[in-house]
Amino acid sequence: MGQVGNVYASAIFELAKEENRLEELNDDMKALYEIFKSENDLANILETPVISPKEKKELLEKLFKGKVCEDIFNFMKLIVDKGRMNSFRAICEAFFELYREDLNILLAEVYTIEELDEDLKVELTRKLSELTGSKIEIKQIIDDTLLGGIRIKIGSHIIDSSVIFKLNKLGDSLREVSL
């Protein structure tokens, strides 16, 4: 995460705190982050220097005016004016980090081979909260190299119950057996 992202994220974070609208701005930033992550064409259009800032802001207006709060909408227009749309996702990630830090929320990166259903995510969040004594936010990462099972990373701690990890442990145990 670069310094540019941190500067912009800090600015919008401080605005959110001052206005006591941290939750609302976080929700809008999450929604936009997911859109930009999944809609590569949109991200490419807004990031390319070939398209003028005026055209980019017109596109933003058509897509997001009235759908995100005015502060976030104006923030996006500012980023366009400054030529920093290519840093938007990094800005969002830095904002999320500030948000979690402010509310003492731990990020749990959950690696699985397929998307977890919502009930399982809720239960996993509850159990991890009990285990850590902190609020937990789950970020699911699909990793087909696991073969099955689950790997959870919270800070520097890893809980690995993946099939590949268990197979590696079994292999290590078998190598230790002398015949």
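Points to keep in mind about this one:
- Annotation note: of MET29, MET1, the sole residue that is closer than 19 Å to LYS139 by Cα and at pLDDT below 90 is MET1.
- Test: ASN86 is within 27 Å of LYS135 (Cα to Cα) and not assigned by TED's automatic domain parsing to the domain that holds ILE138: no
- Answer residue from the stretch 124-158, given it is aliphatic (A, V, I, L, M) and surrounded by 15 or more Cβ atoms within 10 Å (Cβ to Cβ) and is farthest from LEU106 (Cα to Cα) among those: LEU146
- Members of the stretch 6-59 that are farther than 15 Å from PHE88 by Cα and either small (Gly, Ala, Ser) or not assigned by TED's automatic domain parsing to the domain that holds PHE75 (or both): ALA16, SER52
- Only one entry in ILE158, ILE142, ILE136, ILE164 is under 29 Å from GLU34 (Cβ atoms) and at pLDDT below 85, namely ILE164.
- Unique match (being free of Cβ contacts under 8 Å to residues at least 40 places away in the same chain, touching a Pro at 6+ places or on another chain (Cβ under 7 Å) and either farther than 19 Å from ALA43 by Cα or among the β-branched types (Val, Ile, Thr) (or both)) among VAL163, VAL122, VAL80: VAL80
- Of all residues in the stretch 1-38, none satisfies the criterion of being in a loop (DSSP other than H, G, I, E, B), touching a residue at least 40 places away in the same chain (Cβ under 8 Å) and of a type in the set (S, T, N, Q).
- Tally of residues being part of a helix (DSSP H, G or I) and at positive phi across the stretch 57-85: 0
- Qualifying positions in the stretch 89-105 - touching a helix residue (DSSP H, G or I) at 6+ places or on another chain (Cβ under 6 Å) and among the hydrophobic types (A, V, I, L, M, F, W, C): ALA90, ILE91, CYS92, ALA94, PHE95, LEU98
- Among the residues making up the stretch 78-112, those that are surrounded by fewer than 16 Cβ atoms within 10 Å (Cβ to Cβ) and more than 19 Å from GLY155 (Cα to Cα) are LEU78, ASP81, LYS82, GLY83, ASN86.
The values are calculated or read from the model by the stated rules, or taken from the named source; none is laboratory data. On a predicted model such as this, the values are computed, not experimentally measured, just so you know. Every residue, glycine as well, gets a Cβ built from its backbone with ideal geometry; the counts of neighbours run over all protein chains shown.
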